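Quick notes on the structure that follows.
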Amino acid sequence: MPIQLNRSHVIALVIALLLVIWVASGDAAEPDVADRPLNNQETSFKVGYEMFVPTQKASNVRVSAHVSANRSVDVVAEINGKVTALPLKRGALVNQGDTILEIDQRDIPAKLKQAKARLEQRQLETASVRNLYERGLTNQSAIASAEAELAEAEAIVTRARLDLEATHVKAPFSGVYDQRFVELGEYASVGQTLVRVIDNATMLVKGSVSENNIQQIRKGSSAYAILPDESQLEGSIRFIASSADPKTRTYAIEMEVKNANAPLFDGQTATLFVPQGMVDAYFISPSLLIITDNGGLGLKVITTEDTVAVVPVSILSAETNGIWIQGPSGEQRIITVGQGFVKVDEHVNAVLLNREASQS
């Protein structure tokens with residue numbers, strides 16, 4: 001008995017047959033040529049770069065510093081007593097040994113006179129004992145006892161003389177009588193600070209250098225400092241610390257000032273420069289700088305193989321419209337557009353830009 005097919009069944013069979021034919025013919029429809037691999041230019045990220053030609057500029061190790069006197073000493077009281085005289089005014093120039101302040105002598109002169117008389121007595125007694133010993137009328141023990149009493153008398157005279165000298169507070173060296181910490185009539189105690197004397201004959205510029213720059217500085221090398229009023233001080237490095245500050249990991253250095261044209265003051269702010277010779281310098285926008293993995297500054301450049309590299313740099317100086325940096329040498333292809341989207345060693349499609357296009 002023949003199968004009866006309705007219209008819907010016929011349509012479904014036709015569609016199924018067409019699908020089978022389409023699938024079967026898929027391989028034949030494929031192109032008969034192999035896939036062409038894409039080149040680097042088609043797969044690389046596009047960046048813009050500028051060609052930077054270096055300019056020779058002077059390089060310096062730059063240090064935040066301050067002016068300091070060669071010596072600054074706080075003179076303390078060596079005896080107790082009332083301040084009785086202030087013969088000099090603060091700020092006066094003093095020579096070594098000048099009296100700056102006087103303390104009440106009280107009974108010290110009398111004690112010194114008494115000690116001298118006792119010493120004279122002990123000297124006579126000791127001479128007498130020695131004479132007796134030479135004549136065989138006394139023994140060695142008597143001489144030793146007499147000499148011990150003589151030495152004690154000499155010590156008492158020396159102590160009284162030093163106490164009397166201490167009533168006149170004197171400048172320990174030539175310089176400036178800078179500060180006074182007591183007033184006339186005030187009672188001073190042993191160890192109390194009385195006055196401050198500063199040796200301004202030799203002035204220094206002191207600063208601290210980072211461990212990255214300490215190898216670039218040598219003792220005796222020429223240096224200069226700029227003060228806030230733009231005046232310049234010439235000098236040479238006279239001291240470089242051998243150990244770092246444990247808190248800041250920096251090394252103290254000192255420049256000795258030579259032939260200052262104007263008075264210098266202890267504590268003045270200064271910027272110290274230690275010249276390093278001429279280097280290749282590049283004038284760039286600060287926005288091109290990046291922070292490197294070790295915390296320094298760097299620039300993204302394009303190598304001869306069109307890959308991205310980072311060169312470490314440092315700032316030489318700053319101007320209103322850009323900064324001068326040093327680090328690389330020779331002509332550099334510096335990425336100015338798209339540097340934030342590419343990584344080190346990544347191959348890029350580098351496009352040369354002119355300055356006007358990159359700044360627009």
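The values are calculated or read from the model by the stated rules, or taken from the named source; none is laboratory data. Treat the numbers as computed from the prediction; the structure is a model and nothing was measured. Neighbour counts run over all protein chains shown; Cβ positions are idealised from the backbone, glycine included. Ligands, DNA and RNA are stripped out before the accessible areas are found, and what is left, the full protein with its side chains, is counted by its heavy atoms. Shrake-Rupley method; radii C 1.70, N 1.55, O 1.52, S 1.80 Å.
So here's what we get for this one:
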read-out: Rounded to 10°, Cα long-axis angle of helix 108-134 versus longest principal axis of the chain; value: 70
read-out: Under 25 Å, Cα to Cα: Lys pairs in the chain, sequence gap 8 or more or different chains; value: 17
read-out: Degrees, to the nearest 10: 140-166 long Cα axis against longest axis of the chain; value: 60
read-out: Tyr187-Glu234 pseudo-label distance in nm [points 7 Å out on the Cα-to-Cβ vector]; value: 5.7
read-out: Label corresponding to Rg/Rh (Cα atoms, Kirkwood Rh) when calculated from the structure given, among (i) 1.02; (ii) 0.96; (iii) 1.47; value: (iii)
read-out: On Cα atoms only, tilt of 7-24 relative to the major axis of the chain in degrees; value: 60
read-out: Environment charge at Phe265 (Cβ cut-off 13 Å; Lys +1, Arg +1, Asp -1, Glu -1); value: -3
read-out: Accessible area per residue in Å² at 1.4 Å probe, computed on the stretch 147-261; value: 57
read-out: Sulfur and carbon atoms: percent of accessible area, the stretch 139-189 [1.4 Å]; value: 51
read-out: Spin-label proximity, Glu165 to the stretch 77-113 - amide N less than 20 Å from point 7 Å beyond Cα toward beta carbon; value: 77-81, 95-113
read-out: Distant-in-sequence amide H partners of Ala92 (H built 1.01 Å from N, under 5 Å); value: Tyr177
